[in-house]
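Student: One structure, as structure tokens, below. Some questions next.
The values are calculated or read from the model by the stated rules, or taken from the named source; none is laboratory data. Just so you know, these numbers come straight off a predicted model, no measurement behind them. A quick note on method: Cβ atoms are made from the backbone with ideal geometry, for glycine too, and the neighbour counts reach across all protein chains shown.
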Amino acid sequence: MLTGVILAGGLNRRMGGRPKALLPVQDQPLLCRQLAEMSLVCKQMIVVTNEREPFKPLIESIPSTMNVQWVSDYYVQKGPLSGIHAAAQAATQKFLWIVGCDMPFLSSEAAVAMGQQCQAANVDAVIPVLDGKVQPLHGVYSRLVGSEAEVLLKQEKYQLMGLLDHIDWLPANNDFFEKLHLPTVFATNVNTPEEYMIMLDNLP
């Protein structure tokens, strides 16, 4: 049902240019940690990046059985929206579980719950809204949103939040996850060296 999508196309400016996807977390790159969690529920995984060279050793180390594909943006450096569009073109499953490459605590259980809600309600996406804040990453989207993303990209409208104005989506709020006994730490992301160190200090 799910294709896992990791958006790794950013410029990492706030991390001093250091690729966030390759930050070490418990003796493995963050990206590998994400792929391991996604592989629990995803038949296909897609990493969207326009710079494959830094990932070359990692690409060569990933077992072929994990079914990981590496794709580039069609609309280069236009933010997460272009990554969603590119992933939708390559996806084989009906729904996309889309995350940023700087999220160390992904939850496959949360993704499955949102995917089931998305299918049952026949909507384009189910997006976490935690403590009143919309979290468009770590959301589950229909593969069909790729066409809507392309319309916006052609109009030079690059804001990811703008996509939500053009699709039919449901919020998954704190109560949604609490009823399932799922902690919402999955929405944590790491943008700066300071946030990275705090994250390492709080690892279980």
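Student: Has the stretch 42-63 got at least one residue that is under 23 Å from Asn191 (Cα atoms), buried (at least 21 other Cβ atoms within 10 Å of the Cβ) and out of contact with any strand residue (DSSP E or B) (no Cβ under 6 Å at 6 or more places or on another chain)?
Tutor: Yes, some residue in the stretch 42-63 is under 23 Å from Asn191 (Cα atoms), buried (at least 21 other Cβ atoms within 10 Å of the Cβ) and out of contact with any strand residue (DSSP E or B) (no Cβ under 6 Å at 6 or more places or on another chain).
Student: What number of residues in the stretch 14-42 are part of a loop (DSSP other than H, G, I, E, B), modelled with pLDDT of 90 or more and of a type in the set (Gly, Ala, Ser)?
Tutor: Final tally of qualifying residues: 1.
Student: Could you give me the residue pairs with C-beta distances under 6 Å whose first residue belongs to the stretch 148-174 and is buried (at least 19 other Cβ atoms within 10 Å of the Cβ), whose second residue is of a type in the set (Phe, Trp, Tyr) wherever it lies, and which are 6+ apart or on separate chains?
Tutor: Leu153/Tyr75
Student: Would you mind finding the one in Ala121, Ala90, Ala125 that is touching a strand residue (DSSP E or B) at 6+ places or on another chain (Cβ under 7 Å), over 23 Å from Glu178 (Cα atoms) and at pLDDT 95 or above?
Tutor: Result of the check over Ala121, Ala90, Ala125: Ala90.
Student: Does the stretch 191-198 include one or more residues that are surrounded by fewer than 20 Cβ atoms within 10 Å (Cβ to Cβ) and in contact with a helix residue (DSSP H, G or I) (Cβ under 6 Å, 6 or more places away or on another chain)?
Tutor: Yes, because at least one residue in the stretch 191-198 is surrounded by fewer than 20 Cβ atoms within 10 Å (Cβ to Cβ) and in contact with a helix residue (DSSP H, G or I) (Cβ under 6 Å, 6 or more places away or on another chain).
Student: Further question on the same structure: Counting only residues that are over 12 Å from Val5 (Cα atoms) and among the small types (Gly, Ala, Ser), how many does the stretch 73-125 have?
Tutor: The total comes to 10.
Student: Another one. How many residues, within the stretch 89-99, are surrounded by fewer than 21 Cβ atoms within 10 Å (Cβ to Cβ) and either in a strand (DSSP E or B) or β-branched (Val, Ile, Thr) (or both)?
Tutor: 1
Student: Among the listed residues Gln77, Gln69, identify the single one that is in a strand (DSSP E or B), of a type outside the set (Lys, Arg) and either free of Cβ contacts under 8 Å to residues at least 12 places away in the same chain or surrounded by fewer than 24 Cβ atoms within 10 Å (Cβ to Cβ) (or both).
Tutor: Matching residue, one of Gln77, Gln69: Gln69.
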